[in-house]
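Have a look at the structure below, then the notes.
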Amino acid sequence: QVQLVESGGGLVQPGGSLRLSCAASGFTFRFAPMAWYRQAPGKQRELVAAITIGGSTNYADSVKGRFTISRDNAKSTAYLQMNSLKPEDTSVYYCNAKSFNTDYWGQGTQVTVSS
């Protein structure tokens, strides 16, 4: 079955960096658009960054210039490099894959930005 396993979250000071990973299995990764979403307590889940099967990317305005999404098809893994982190980036981050018109989600990884 489809599995998406996120890792790399944690506690970081403002201005710091983290790299999230999403290891995928159970579907043909190279044919699946991938994305990262986040959801803070009491807020709706929002798109952070997305990458197409061809490698085109798009970002939420709030993270442009600070976050970078990438994918390694050989490893069936998507990444989110997060730099210059701010307290408002604190959220649970979720990996998303689209395969045959179905959305799949990981379990989420907590990112906390605090001094």
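The numbers here are math on the coordinates, done by the rules we state, and not lab data. Predicted model, so just to flag it, every value in this text is computed and none were measured. Note that we place each Cβ from the backbone using ideal geometry, even for glycine, and neighbour counts take in every protein chain shown.
General remarks:
- Simple spin-label estimate for Glu88 and Thr102 in nanometres, 7 Å along Cα-Cβ: 3.7
- Three-way shape call for region 1-59 based on the alpha-carbon gyration tensor, with the a/c threshold at 1.5: prolate
- Given in Å, the Rg to one decimal and the Dmax to the nearest whole number for the Cα atoms of the chain are 13.3, 43.
- Working from label points 7 Å from Cα in the Cα-to-Cβ sense, the Thr57 to Ser114 distance is 2.9 nm.
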